[in-house]
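The values are calculated or read from the model by the stated rules, or taken from the named source; none is laboratory data. Just so we're clear, the structure is a prediction, and the values are computed from it rather than from any experiment. A quick note on method: Cβ atoms are made from the backbone with ideal geometry, for glycine too, and the neighbour counts reach across all protein chains shown.
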Amino acid sequence: MNRIALALIALALAPAVSAQLYKYTDKDGKTVYTDQPPANVESKPMRVQTAPPTAPDKSAVGKDKELDKGRKEAADKAKKGDEVAKREADNSQRCADARSNLEIYESGGRIAKRNAQGERVFLEQNEIDAEKVKARAVMDEACKKS
């Protein structure tokens with residue numbers, strides 16, 4: 001941690017400490033760059049632009065934490081997708097069951113139920129109509145789009 005802080009301080013102070021550079025051509029025709037102005041030679045001062053300090057590379061621990069965070073987000077997203085798919089499948093099954101029950105009451109045949117003693121009892125037409133209304137309400141609720 002101390003090394004990182006020291007490196008950041010050094011990078012921040014580097015532009016203030018940077019020296020002036022001079023460019024000139026010597027007697028042999030070679031271009032020379034120096035930090036001190038040459039004596040009895042015409043030189044041009046150069047402006048050197050330093051790059052802005054960059055953030056230090058993340059440590060391995062930091063990279064691992066970032067990867068773990070990404071994996072966890074992906075797992076959560078997949079889990080939510082699975083829950084939504086399961087909920088949609090349950091809703092479509094509930095709708096299909098409700099439609100099937102309504103079709104039974106609308107078929108026009110005789111419909112029987114078991115009474116409290118377990119005996120089979122046929123429904124009267126007014127009971128069938130009441131059950132049909134209930135079945136339609138259940139189907140409308142189960143099959144509505146959210």
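Specify the residue that is modelled with the highest pLDDT; the eligible residues are those in region 1-55 that are in a loop (DSSP other than H, G, I, E, B) and touching a Leu at 6+ places or on another chain (Cβ under 7 Å).
Keep residues of region 1-55 that are in a loop (DSSP other than H, G, I, E, B), which gives 1, 18-20, 26-30, 35-43, 47-55.
Adding the requirement that they be touching a Leu at 6+ places or on another chain (Cβ under 7 Å) leaves 35, 48, 53.
Details: ASP35: 79, VAL48: 68, PRO53: 66.
Selected residue: ASP35.
Scan region 33-61 and report the pairs whose first residue is more than 26 Å from LYS23 (Cβ to Cβ) and whose second residue is at pLDDT 75 or above, with Cβ atoms within less than 6 Å and a gap of 6+ or a chain change.
Sorted first by the residue in region 33-61, then by its partner, the pairs are PRO56/ILE4.
For ARG110, which of the numbered conditions (1) exposed (fewer than 10 other Cβ atoms within 10 Å of the Cβ); (2) without any contact (Cβ under 8 Å) to a residue 12 or more places away in the chain fails to hold?
So ARG110 meets the others, but not (2).
Rundown of residues vs (1) under 30 Å from ILE9 (Cβ atoms); (2) at pLDDT 90 or above; (3) of a type in the set (Ser, Thr, Tyr), yes/no style:
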| position | (1), (2), (3) |
| --- | --- |
| ASP57 | yes, no, no |
| GLY70 | no, yes, no |
| ASP76 | no, yes, no |
| GLN93 | no, yes, no |
| ASP97 | no, yes, no |
| SER100 | no, yes, yes |
| VAL121 | no, yes, no |
| ALA137 | no, yes, no |
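Against the conditions (1) within 30 Å of the chain's Cα centre (by Cα); (2) β-branched (Val, Ile, Thr); (3) outside any helix (DSSP H, G or I), where does VAL121 fall short? Just the number, please.
Going through (1) within 30 Å of the chain's Cα centre (by Cα); (2) β-branched (Val, Ile, Thr); (3) outside any helix (DSSP H, G or I) one by one, VAL121 breaks only (1).
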